[in-house]
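Colleague: First the structure, which I've put down as structure tokens, then a few questions once you've had a look.
The values are calculated or read from the model by the stated rules, or taken from the named source; none is laboratory data. As the structure is a computational prediction, the values presented were derived from the model and not from experiment. Here Cβ is always computed from backbone atoms with ideal geometry, including for glycine, and neighbour counts include all displayed protein chains.
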Amino acid sequence: MRGRQREMKVVVTLVLVVVFLGLCGSSSASDAQPQKWWQSIFSGSTSSAVNPVGSSVVFPLYGNVYPKGFYYVQMNIGQPPKPYFLDPDTGSDLTWLQCDAPCVHCTTGSHPLYRPNNNLVSCKDPLCAALHSSDEYDCDHPQQCDYEVEYADGGSSIGVLVQDGFLLNLTNGERRSPRLAFGCGYDQVPGSSNHPLDGVLGLGKGKSSIASQLSRQRLMRNVVGHCLSAQGGGFLFFGDDLYDSSRIVWTTMSRDYSYYSPGFAELLFGGKSTGYKKLLVVFDSGSSYSYLNSQAYQALVSLVTKELSGKPLREAQDDWTLQFCWKGKKPFKKIGDVRKYFKPLALGFENGLKSKSLYEIPPEGYLIISSKGNVCLGILNGTEVGIDFNMIGDISMQDKMVIYDNEKEVIGWTPANCDRIPKSKMDIM
């Protein structure tokens, strides 16, 4: 397909029989310090409180849907902590960094490779078991936990599980550095949508995800949330004290899927049903654009094309930014220039109640302005790229706080100010 996009990331649970060498070497001599925003977002020194459950931790996000094509977060990891840029991905569980252990094959990243230091996770650790299916789980090398992850765009990472400190500035003023498990990736294959980052931040609901580990250490509740700004940037958070639950639209999280899915939805266009009512939907922050299955996608394209009939827009066949682009009499500068020509979308989820939970997608939630000044459809045909469900990607989550509450097993959303880092719920609601 044309255009820049990120695909759904799928963890492949394969046990590798790899004799891992060099992992017990000394850590890097570099003393890279945390970036300045770590000191400015929150105040307060390190605390020895035993149980700060009820707090949260917030991280700024950088990047955009277009033209960069991805968002990323800085995490400070290690002793002493060093900065790494990671792809925040709700579509996978395992966090991993490119790792000098030594590295067999690493892609170009933003920072020096992570250097492990006597911090292997053993094969017998429950976190290792969580990465593998029971029929494939073997401990030929009990001193280490091997992993392999593969992604739908063809990318992959092979490595071993390690533990190290993650610098966290909690919203209650405390500073913590819990030891969390993540992948030390020493063999990476770049995918078609490869980005110059240091690794992936797994935000899924599995046991190996960072949120699950923080919850088991009773640092905060097993809740993940993000707020992507249409202007670029935004923020990511763990914990549940940054929002007023009564002001969030909630829907049940399906237990039938390993991904964040509310189950089946009805697609609406301009407030009216399109006739497509059994669309299996997944939320994936690892995808820049949204996807519909072939039938729903073709129906949407037909509806949009019909709606543009008689409007001062015509198809821009010379613009290959995305599959469908339209040009006006002069180049457009922002979505506001064309918003009036397009109708809003919505996905209606059944709640077991009389009313549905509506996930509303305004025109700016499915359109971009290309570098040529044309307006392009940011919803793509998932069937063509092998995605067998319907995906809400970054473009359709802009200017919304989206929350994945793994304890209550619900997904929620609400319009929010994503342009500044919040210190409390009053900053965003």
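Colleague: Would you confirm whether or not region 155-170 contains a residue that is over 14 Å from LEU94 (Cα atoms) and within 17 Å of the chain's Cα centre (by Cα)? First the steps, then the outcome.
Modeller: As a first pass, look at region 155-170 and keep what is over 14 Å from LEU94 (Cα atoms): 155, 164-170.
Adding the requirement that they be within 17 Å of the chain's Cα centre (by Cα) leaves 155.
Yes; the residues of region 155-170 include at least one that is over 14 Å from LEU94 (Cα atoms) and within 17 Å of the chain's Cα centre (by Cα).
Colleague: Looking at region 162-192, which of the residues that are modelled with pLDDT under 95 and not in a strand (DSSP E or B) is surrounded by the most Cβ atoms within 10 Å (Cβ to Cβ)?
Modeller: THR171
Colleague: Here's something else I'd like to know. Residue check, SER133 against (1) within 30 Å of LYS372 (Cβ to Cβ); (2) modelled with pLDDT under 90, all met but one. Which one?
Modeller: Evaluating SER133 over (1) within 30 Å of LYS372 (Cβ to Cβ); (2) modelled with pLDDT under 90 leaves (1) as the failure.
Colleague: Name every residue in region 385-410 that is touching a strand residue (DSSP E or B) at 6+ places or on another chain (Cβ under 9 Å) and closer than 24 Å to SER294 by Cβ, in order of residue number. Show your work before the answer.
Modeller: Let us first name the residues in region 385-410 that are touching a strand residue (DSSP E or B) at 6+ places or on another chain (Cβ under 9 Å), namely 385, 387-410.
Passing the criteria: VAL385, ILE387, ASP388, PHE389, ASN390, MET391, ILE392, GLY393, ASP394, ILE395, SER396, MET397.
Colleague: Of all residues in region 368-417, which are surrounded by fewer than 23 Cβ atoms within 10 Å (Cβ to Cβ) and either outside the structural domain of LEU322 (by TED's automatic domain parsing) or part of a helix (DSSP H, G or I) (or both)?
Modeller: Listed by number, the residues that qualify are THR383, GLU384, VAL385.
Colleague: Ok, one more. Hey, among LYS340, LYS311, which residue is out of contact with any Cys (no Cβ under 6 Å at 6 or more places or on another chain) and not in a helix (DSSP H, G or I)?
Modeller: LYS311
Colleague: Could you please let me know if THR274 is more than 21 Å from ASN169 (Cα to Cα), assigned by TED's automatic domain parsing to the domain that holds LEU303 and crowded, with 23+ Cβ neighbours inside 10 Å?
Modeller: On the way: more than 21 Å from ASN169 (Cα to Cα): yes; assigned by TED's automatic domain parsing to the domain that holds LEU303: yes; crowded, with 23+ Cβ neighbours inside 10 Å: no.
Judged against the criteria, THR274 is not a match.
Colleague: LYS207 is checked against (1) surrounded by fewer than 18 Cβ atoms within 10 Å (Cβ to Cβ); (2) out of contact with any Gly (no Cβ under 6 Å at 6 or more places or on another chain); (3) closer than 30 Å to ASN417 by Cα and fails just one. What number does that condition carry?
Modeller: (3)
Colleague: Look at region 324-365 and say how many of its residues are surrounded by fewer than 17 Cβ atoms within 10 Å (Cβ to Cβ) and over 30 Å from TRP250 (Cβ atoms).
Modeller: Result for region 324-365: 8.
Colleague: Still on this structure, I have one more. Which of the residues belonging to region 284-295 are surrounded by fewer than 24 Cβ atoms within 10 Å (Cβ to Cβ) and touching a Phe, Trp or Tyr at 6+ places or on another chain (Cβ under 9 Å)? Steps first, answer last, please.
Modeller: Step one: filter region 284-295 for residues surrounded by fewer than 24 Cβ atoms within 10 Å (Cβ to Cβ), giving 293-295.
Selection gives ASN293, GLN295.
Colleague: Looking only at region 320-347, which residues are closer than 21 Å to SER294 by Cβ and in contact with an Asp or Glu (Cβ under 6 Å, 6 or more places away or on another chain)?
Modeller: Result: CYS325, ALA346.
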